[in-house]
Ligand SMILES: [Zn+2]
Ligand SMILES: [Zn+2]
């Protein structure tokens, strides 16, 4: 494209770096998709594979060579001609030659030796992640109506853990989700698993059976995303409040640029103006604040998971170590107690079984003096 055309397009929705290799300038996601669709040929974003002859013919045309040269190129560049062993020998590809100097082979050897030294090759989390990837790669839906449409945009979204734990100051644990342009922000909100939505408030030493009825997510439903000067509030339920109002009014009274509001349930990703690579905000439960970074926006491809029902698609999940019960050291903590004469520490963490065995008699009557609070481990979503 000529330079004059480029500058004429600089105010359109073709992403351009604001800070090189960090983030782009803001652009409109839907218009960005349209820019692509208007430039691509219909076949370019089709999920149907061309047959080999058509592919070769098109490829020859792009290269500007005739069919004969194309056929010759195919033979010369074929995998069969790439050989480092005699023609009649078929080496075992799993065996790395012992004195190879090729860097890739040296690395591969190291990796093989490391794997052989492990007691278990993979833990259950890694196995699960592998299985998830295997199941979703290029997956086609059962019903045609559930296919992600051709030319749909797919966004890669990283949602970061709130920086409230000291150990997170040096690492940036997050989950990565794939979403389509037609998803709403409310669907992103529902896909974010955060332990503060599950906190149970209150002291329950007298009525431990009552506890699970109080979950923060059911009580405090307000939340917002903040993208490019707009607060997108969750207003799906009658209890929802516009919790961005305080910030907007504060900004107004302090001569900050004006912020505006919209509803997250009415906003689809294609409607958004965003910068790729730029940190935005998701806030819920009053002060649980997560950074949200859109790291990629692209058109869908036939190798993507094409089953709409599997989106938002989780592709990465950080695992945290779970806090175990102080008595059995086996199960994840469900209760913590304070002022507890039975406990080895204050506060002290118990699994449900140990907690009840130690603090209540067979009829469920409370024994001794203590305060008990339900506890939700932040590894609960591992
Ligand atoms: Zn949170
Ligand atoms: Zn226990």
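Observations, loosely collected:
- Residue check, residue 296 away from ligand 2 (no atom under 14 Å from the Cβ), in contact with a strand residue (DSSP E or B) (Cβ under 7 Å, 6 or more places away or on another chain), within 28 Å of residue 227 (Cβ to Cβ) and modelled with pLDDT of 90 or more: yes
- Residue within region 338-361 that is modelled with pLDDT of 90 or more, within 16 Å of ligand 1 (Cβ to nearest atom), surrounded by fewer than 18 Cβ atoms within 10 Å (Cβ to Cβ) and closer than 30 Å to residue 190 by Cα present: no
- Flag if residue 322 is under 21 Å from residue 195 (Cβ atoms) and either outside the structural domain of residue 188 (by TED's automatic domain parsing) or more than 16 Å from ligand 1 (Cβ to nearest atom) (or both): yes
- Out of 296, 304, sole residue that is within 30 Å of residue 50 (Cβ to Cβ), within 16 Å of the chain's Cα centre (by Cα), part of a strand (DSSP E or B) and more than 16 Å from ligand 1 (Cβ to nearest atom): 296
- Scanning region 228-242 for residues that are touching a strand residue (DSSP E or B) at 6+ places or on another chain (Cβ under 6 Å) and over 14 Å from residue 267 (Cα atoms) gives a single hit, 242.
- Residue 376 vs. criteria within 16 Å of ligand 1 (Cβ to nearest atom) and in a loop (DSSP other than H, G, I, E, B): yes
- When residues of region 351-373 are limited to those that are in a strand (DSSP E or B) and in contact with a helix residue (DSSP H, G or I) (Cβ under 7 Å, 6 or more places away or on another chain), the one farthest from ligand 2 (Cβ to nearest atom): 366
- Contacts under 9 angstrom Cβ, first residue in region 227-244 being outside the structural domain of residue 291 (by TED's automatic domain parsing) and in contact (Cβ under 8 Å) with a residue 60 or more places away in the chain, partner crowded, with 17+ Cβ neighbours inside 10 Å and outside any loop (DSSP other than H, G, I, E, B), 6 or more apart: none
- Boolean, residue 107 is surrounded by 10 or more Cβ atoms within 10 Å (Cβ to Cβ) and in contact (Cβ under 8 Å) with a residue 12 or more places away in the chain: no
- Of all the residues in region 164-181, those that are more than 16 Å from residue 227 (Cα to Cα), in a loop (DSSP other than H, G, I, E, B) and modelled with pLDDT of 95 or more number 0.
- Failed condition for residue 33, given (1) part of a loop (DSSP other than H, G, I, E, B); (2) touching a strand residue (DSSP E or B) at 6+ places or on another chain (Cβ under 6 Å): (1)
- Just one of the listed residues (216, 182, 205) is within 16 Å of ligand 1 (Cβ to nearest atom) and touching a residue at least 24 places away in the same chain (Cβ under 8 Å), namely 216.
- Any hit, region 91-99, residues being out of contact with any strand residue (DSSP E or B) (no Cβ under 9 Å at 6 or more places or on another chain) and surrounded by 13 or more Cβ atoms within 10 Å (Cβ to Cβ): yes
- Residue within region 332-342 that is closer than 30 Å to residue 180 by Cα and more than 16 Å from ligand 2 (Cβ to nearest atom) present: no
- For beta carbons closer than 6 Å, sequence separation of 6+ or different chains, a first residue in region 122-140 that is surrounded by 12 or more Cβ atoms within 10 Å (Cβ to Cβ) and a second that is assigned to a loop (DSSP other than H, G, I, E, B), the qualifying pairs are 136/305; 139/305; 140/306.
The values are calculated or read from the model by the stated rules, or taken from the named source; none is laboratory data. Treat the numbers as computed from the prediction; the structure is a model and nothing was measured. Every residue, glycine as well, gets a Cβ built from its backbone with ideal geometry; the counts of neighbours run over all protein chains shown.
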